[in-house]
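Report on one structure; see the data block that follows.
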Amino acid sequence: MVAPSLDKITSFIPPKRTLMGPGPSNINPRVLSAMSLPVIGHLDPAFAGMMEELKVLLRYAFQTENPLTYPISGPGSVGMENCFVNMVSPGDKVIVCRNGVFGGRMIENVERSGGTPVIIDDTWGEPVDPNKVEDALKQNPDARIVAFVHAETSTGCESDAKLLTQIAHKHDAMVIVDTVTALGGCPVLVDEWKLDAVYSGTQKCLSCAPGLSPVTYSERVVDYVKNRKTKVQSWFMDMNLILNYWGNTARTYHHTAPVNALYGLHEAMILLKEEGLENSWARHTMHYQALKAGLEALGLQYVVKEESRLPQMNLITVPDGIDEAAVRNELLSEFNLEIGAGLGPLAGKVWRIGLMGYTAQQDSVMLCLSALGSVLSRMGYPVKAGEAEAAAHKAYAAQHEAAAAQKTAKA
Ligand SMILES: *Cc1c(COP(=O)(O)O)cnc(C)c1O
């Protein structure tokens, strides 16, 4: 790209898009309004009160009582790094499960923290194999941590976070769990599943802007980090220092919190509380069912088996003879619709259609089906006009009926 000349540059006005890729997803307008409120000092008592509320709201989202639950100033990747840099001391052995892009990044994090990764590989598009985790723990009794991704955004596959944690705990290892794409979109029950260190992101299923990473740490993790023999290598990330900023009410300056971004997250969490966590999960599932019905009516196929599919991230095989990138480009330029490309071994072979957060609603589903049908048909793929939309409407109707019947049964 040629650098634009300075005198031609004016205010940036982004185009209006429907974001159905792997994130960011669309943001609820109430969150955007909250972010435009006046800035106040980050040590202002009014701000401190907001921070305390935010911790309570995040505990609700994570379903935990962990005192150390707060948003890290940085995107999901910083949440990931925060877990590893605090919990992995030089020489520590960490079992890392890799079944997509983000497991691969965890390996990098272990190595950069001075640890030794023990890598368990599973096929992209399949869940982490619990038997392999059990075997790795038997062969490496000194492994202190098992790290895995709950909802792999690169493949649209869910792993059994509860079971993997049970196995780790049986061998006295802690878990680090990536819930960036999971939180808000499908159940993440931190206390019930006894997860130790969990990080997420604001830009996927929480209808919020990118740039923050909610984390929650169990008492076991906090104790471990407090008693580390070596200093945490990162000053900014050191949990022991952050504890005096987010951990208690007598706040001492650590860094200037991203004040307006936190207003946005606070509002996103209020929205989640108003909707109800279970209803948010149900909404993601409902729109997935309709999207699935429509995509299947178009003759398109899912990569992941139904039982481990994520409703919020749909991986679809590109039909033979169709130019994967050309379809995405046309969706964007003609319909203002963004969908994602495949990564790694799936590059060029799949589309990733996200239904996350504020994007998980009926108009996104209908736009996607109709736009995709239009573009594919022009490229010579056989599409019967209206069939996909009709299948989606039918799926919605069936689900509304089922919900109504359930309500009557309860009454
Ligand atoms: C998006 C994502 C991340 C990284 O989050 P950023 O906000 O992009 O830094 C990490 N893990 C998973 C599973 C993700 O989907």
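The values are calculated or read from the model by the stated rules, or taken from the named source; none is laboratory data. Keep in mind it's a predicted model, so treat the numbers as computed, not measured. Neighbour counts are summed over all protein chains in view; Cβ atoms, including those assigned to glycine, are modelled from backbone coordinates with ideal geometry. When the accessible area is computed, the model is the full protein with side chains, heavy atoms only, and any ligands, DNA or RNA have been set aside. Shrake-Rupley method; radii C 1.70, N 1.55, O 1.52, S 1.80 Å.
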Test set (1) assigned to a helix (DSSP H, G or I); (2) open to solvent by 50 Å² or more (accessible area, probe 1.4 Å); (3) under 25 Å from Leu206 (Cβ atoms) - Pro345 fails condition number = (3)
Considering only residues of the stretch 80-91 that are surrounded by 24 or more Cβ atoms within 10 Å (Cβ to Cβ) and within 16 Å of the ligand (Cβ to nearest atom), which is nearest to the chain's Cα centre (by Cα)?
-> Met80
What about Ile167, is it open to solvent by less than 50 Å² (accessible area, probe 1.4 Å), within 14 Å of the ligand (Cβ to nearest atom) and more than 16 Å from the chain's Cα centre (by Cα)?
-> no
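Out of all the residues in the stretch 216-233, is one or more within 16 Å of the ligand (Cβ to nearest atom) and surrounded by fewer than 21 Cβ atoms within 10 Å (Cβ to Cβ)?
Within the stretch 216-233, the first condition is being within 16 Å of the ligand (Cβ to nearest atom), and the residues that meet it are 216.
After this cut, where a residue has to be surrounded by fewer than 21 Cβ atoms within 10 Å (Cβ to Cβ) as well, the list is none.
Checked against the condition, which is being within 16 Å of the ligand (Cβ to nearest atom) and surrounded by fewer than 21 Cβ atoms within 10 Å (Cβ to Cβ), the stretch 216-233 yields no hits at all.
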Could you check the stretch 107-191 for strands (runs of 3 or more DSSP E) lying wholly inside it with 1 or more residues that are in contact with a Gly (Cβ under 9 Å, 6 or more places away or on another chain) and charged (D, E, K, R)?
-> 116-121, 174-178
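Could you identify the single residue in Arg98, Arg30 that is in contact with an Asp or Glu (Cβ under 9 Å, 6 or more places away or on another chain) and surrounded by fewer than 18 Cβ atoms within 10 Å (Cβ to Cβ)? Reasoning before the result, please.
Working: Arg98 fails: surrounded by fewer than 18 Cβ atoms within 10 Å (Cβ to Cβ).
Being in contact with an Asp or Glu (Cβ under 9 Å, 6 or more places away or on another chain) and surrounded by fewer than 18 Cβ atoms within 10 Å (Cβ to Cβ) holds for just one of Arg98, Arg30, which is Arg30.
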Scanning the stretch 8-19 for residues that are farther than 18 Å from Thr202 by Cβ and outside any loop (DSSP other than H, G, I, E, B), the one least open to solvent (accessible area, probe 1.4 Å) turns out to be Thr18
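Could you run through the stretch 1-30 and say how many residues are aliphatic (A, V, I, L, M) and away from the ligand (no atom under 16 Å from the Cβ)? Quick ask: steps written out before the conclusion?
Within the stretch 1-30, the first condition is being aliphatic (A, V, I, L, M), and the residues that meet it are 1-3, 6, 9, 13, 19-20, 27.
From what is left, the residues that are away from the ligand (no atom under 16 Å from the Cβ) are 1-3, 6, 9, 13.
Residues that pass the stated criteria total 6.
Assess whether Arg59 counts as being open to solvent by 30 Å² or more (accessible area, probe 1.4 Å), touching a helix residue (DSSP H, G or I) at 6+ places or on another chain (Cβ under 6 Å), at pLDDT 95 or above and outside any loop (DSSP other than H, G, I, E, B). So that I can check it myself, show each step before the final result.
Values: open to solvent by 30 Å² or more (accessible area, probe 1.4 Å): yes; touching a helix residue (DSSP H, G or I) at 6+ places or on another chain (Cβ under 6 Å): no; at pLDDT 95 or above: yes; outside any loop (DSSP other than H, G, I, E, B): yes.
In short, no.
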Every listed condition ((1) over 19 Å from Asn109 (Cβ atoms); (2) open to solvent by less than 10 Å² (accessible area, probe 1.4 Å); (3) touching a strand residue (DSSP E or B) at 6+ places or on another chain (Cβ under 7 Å)) holds for Glu158 save (2)
Mind checking which residues of the stretch 177-198 are in contact with a Lys or Arg (Cβ under 8 Å, 6 or more places away or on another chain), within 13 Å of the ligand (Cβ to nearest atom) and either of a type in the set (Val, Ile, Thr) or open to solvent by 10 Å² or more (accessible area, probe 1.4 Å) (or both)?
-> Val180, Thr181
Which condition number does Gly114 fail, the rest of (1) small (Gly, Ala, Ser); (2) surrounded by fewer than 22 Cβ atoms within 10 Å (Cβ to Cβ); (3) within 14 Å of the ligand (Cβ to nearest atom) being met?
-> (3)
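Being assigned to a helix (DSSP H, G or I) and touching a residue at least 12 places away in the same chain (Cβ under 8 Å) is the requirement here; does Arg251 meet it?
Values: assigned to a helix (DSSP H, G or I): no; touching a residue at least 12 places away in the same chain (Cβ under 8 Å): yes.
No: the conditions fail for Arg251.
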Kindly indicate whether any position in the stretch 4-24 is in contact (Cβ under 8 Å) with a residue 12 or more places away in the chain, closer than 27 Å to Phe335 by Cβ and among the basic types (Lys, Arg).
-> yes
